[in-house]
Amino acid sequence: MKVKARVMEQRKIASTLKRLAMEVIERNRELENVAIVGIRTRGVIIGERILKLIEKLEGAKLDFGILDITLYRDDLSTIGPNPIVKGTEIDFDVTGRDIILVDDVLFSGRTVRAALDSIVDFGRPKTIQLLVLIDRGHRELPIQADYIGKTLPTSKREIVEVRLKEIDGSDEVLIVEEEGF
Amino acid sequence: MFKRKHLLGIEGLTRDEIDHILDTAQSMVEVSKRSVKKVPALRGKTVVNLFFEPSTRTRISFELAAKRLSADLINFSGSSSSLVKGESFRDTVLNLEAMHPDIFVVRHSQAGSAYYLTTFSKSSVVNAGDGAHEHPTQALLDALTIRQHKGELDNLKITIVGDILHSRVARSNIFLLSQYKTKIVLSGPPPLIPPEFSDMGVEIEYDLDKAVEGSDVVMMLRIQRERQTGSYFPSLREYRKFYQLTKKRLARADKDAIVMHPGPINRGIELMKDIADSDKSVILNQVSNGIAVRMAVLYLISGGSHEFNN
């Protein structure tokens with residue numbers, strides 16, 4: 001793996017997330033009806049940060065959930081090594097709520113498709129909105145994000161790597177490319 | 001990582017593989033608590049329950065596990081089928097296989113029948129109990145239940161009581177627990193405890209009072225009256241006297257001990273009547289965990305590329 005570019009660092013990520021949190025507040029007048037649901041693994045961390053930012057800005061304590069979409073994927077027979085299921089934790093009723101679905105990178109749209117299927121199994125939300133840190137294009141399904149941290153034009157060979165302090169030790173967004181291409 | 005195509009037994013599985021199945025099963029627990037108890041993971045897969053021996057709990061548990069993963073399921077039971085008309089096990093399976101199932105879940109009174117199935121079938125095979133050999137999903141659900149109550153499978157004292165000789169549940173449990181740093185003690189009438197187990201580092205203590213002393217887990221087995229052709233103990237009355245788990249005996253175990261039983265319970269024989277309903281009993285948790293474990297197994301053998309063929 002070769003690092004081609006470092007497109008975001010800690011300060012940039014922090015200010016971007018702050019802007020996204022404010023956009024969520026702006027778009028949702030009934031803030032207490034909003035619940036944040038992070039997609040494992042990095043969507044959970046970004047979701048938690050958005051949750052804290054909204055709490056700091058508005059003093060609102062929102063419900064938070066974790067979604068593991070492994071069981072909703074459409075590629076079980078082709079993925080290998082075997083999938084690791086870490087479990088979904090949604091302890092509140094999603095019916096009638098405004099759900100902010102959070103992920104790190106929006107790419108083909110298949111993860112979001114799976115996440116939408118999963119959420120509606122828990123109930124019937126009033127709205128589901130999508131928040132991503134990076135939109136890198138190359139959609140394979142008609143899915144768009146409502147809140148985008150950064151739009152990043154990439155080639156399909158490149159890999160966008162979002163690193164977060166909580167699990168990777170540092171906050172940064174890298175574009176890497178597999179060697180040998 | 002569990003990357004096998006079949007689950008034929010616990011023997012031969014590594015600790016990593018067992019942990020992977022248990023971790024996956026723990027994540028499956030939540031699915032059964034939703035209002036919509038279904039995920040699409042195995043949509044379009046066909047599971048055949050091949051039961052040549054009577055079973056209610058295991059068959060229903062596999063059925064619900066398959067259905068909660070959105071697989072289609074066919075129940076085949078030995079007593080009401082072509083077998084009665086004289087068709088062989090192999091021919092029966094080959095005919096079912098011509099209908100393109102993906103997974104066979106098989107229970108049979110002959111040890112090794114699940115393995116035998118893999119020698120001529122292309123489908124994945126899950127052993128749901130073969131004679132007195134193994135019952136791997138039962139051991140896995142027992143392990144999951146222990147882990148939920150004790151936090152780990154290491155550093156425990158686990159006492160298994162009763163008919164070890166005829167018990168595939170005991171065998172699978174011993175194989176599984178011996179992968180962990182935990183003390184296993186077997187107790188029961190001497191003719192029903194194969195001494196060979198002591199070679200695996202398992203302790204044998206015929207005196208139940210001593211065997212349960214300080215135990216974290218007391219696992220009671222059913223007296224399998226249908227498998228006993230000889231006489232292994234003089235009478236049920238005598239069995240009760242020496243090997244029934246009474247409140248007094250249970251008081252010798254650790255104060256947070258749990259009591260397990262694979263079911264069906266012979267109330268008043270292995271267990272004193274009210275023990276199954278006491279707060280130490282986790283027997284019904286075992287039943288709920290059975291679905292999660294079977295979901296995990298069906299899911300894992302369906303996924304990805306298989307490194308081993310069995």
key: Charge dipole (segment B:177-218, unit charges on Cβ, about Cα centre) - positive-most of B:T182, B:I204, B:G214   = B:T182
ask   = Can you pull the three principal axis extents for the Cα set of chain B, in Å, largest first?
value = 55, 42, 37
remark   = Across 5 Å bins beginning at 0, the whole-percent shares of Cα-Cα pair distances in segment A:137-181 come to 5, 15, 21, 23, 20, 12, 4, 0
key: Pairwise Cα inverse-distance average, inverted: Kirkwood Rh of segment B:9-104 (Å)   = 15.3
query = Over segment B:38-162, with a single point scatterer placed on each C-alpha, what log10 of the ratio I(q)/I(0) does the Debye formula yield at q = 0.13, 0.20 1/Å?
reply = -0.59, -1.16
ask   = How large is ³J(HN,Hα) for each residue in segment A:10-24, as worked out from phi by the Karplus curve 6.51 cos²θ - 1.76 cosθ + 1.60 (θ = phi - 60°), to whole Hz, x for Gly and Pro?
value = 3, 5, 5, 4, 4, 6, 5, 5, 5, 4, 4, 4, 5, 5, 4
message = Based on Cα coordinates alone, diagonalise the gyration tensor for the protein assembly as shown, multiply each eigenvalue by 5, take square roots, and list the semi-axes in whole Å, largest first.
response = 48, 27, 20
note = Highest mean packing first, using Cβ neighbours within 10 angstrom, the peptides A:154-167, B:168-181, B:190-203 sort as B:168-181, A:154-167, B:190-203
message = Quick check: the angle from helix B:283-302's long axis to the longest principal axis of chain B, C-alpha only, nearest 10 degrees?
response = 30
ask   = Which lysines have a Cα less than 26 Å from the Cα of B:K241, not counting those fewer than 8 places away in the same chain?
value = B:K157, B:K183, B:K210, B:K255, B:K273, B:K280
query = With charges set only on the Cβ (+1 for Lys and Arg, -1 for Asp and Glu), what does the dipole of segment B:136-284 come to about its Cα centre, in debye to the nearest 20?
reply = 400
ask   = Which value results for Rg/Rh of segment B:136-284 when Rg is the Cα radius of gyration and Rh the Kirkwood radius based on the inverse mean 1/r?
value = 0.92
remark   = With B:G201 itself left out, Lys, Arg at +1 and Asp, Glu at -1 over residues whose Cβ is under 11 Å from its Cβ give 0
query = Per the Cauchy relation, a quarter of the hull surface: what is the mean projected area of the convex hull of the alpha carbons in chain A, in nm²?
reply = 10.7
ask   = How far, in degrees from 0 to 90, does helix B:57-68 lean away from the longest principal axis of the Cα atoms of chain B, to the nearest 10?
value = 50
query = Can you give the relative contact order of chain A as a percent, counting alpha carbon pairs under 8 Å and 6+ residues apart?
reply = 27
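Taking Cα pairs under 8 Å and at least six residues apart, what relative contact order does chain B come out at, in percent?
23
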ask   = Residue by residue, what Karplus-based ³J(HN,Hα) values in Hz, rounded to whole numbers, does segment B:143-155 have, using 6.51, -1.76 and 1.60 with θ = phi - 60° and x for Gly and Pro?
value = 5, 4, 5, 4, 4, 5, 8, 10, x, 7, 10, 8, 6
inquiry  = Rounded to whole Å, give me the distance from the Cα center of segment A:1-71 to that of segment B:166-223.
reply    = 51
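Where a number appears in this text, it was derived from the coordinates with a stated rule and is not lab data. Remember, predicted model here, so these are calculated numbers, not experimental data. For neighbour counting, all protein chains shown are included, and Cβ atoms are generated from backbone atoms with ideal geometry for every residue, glycine included.
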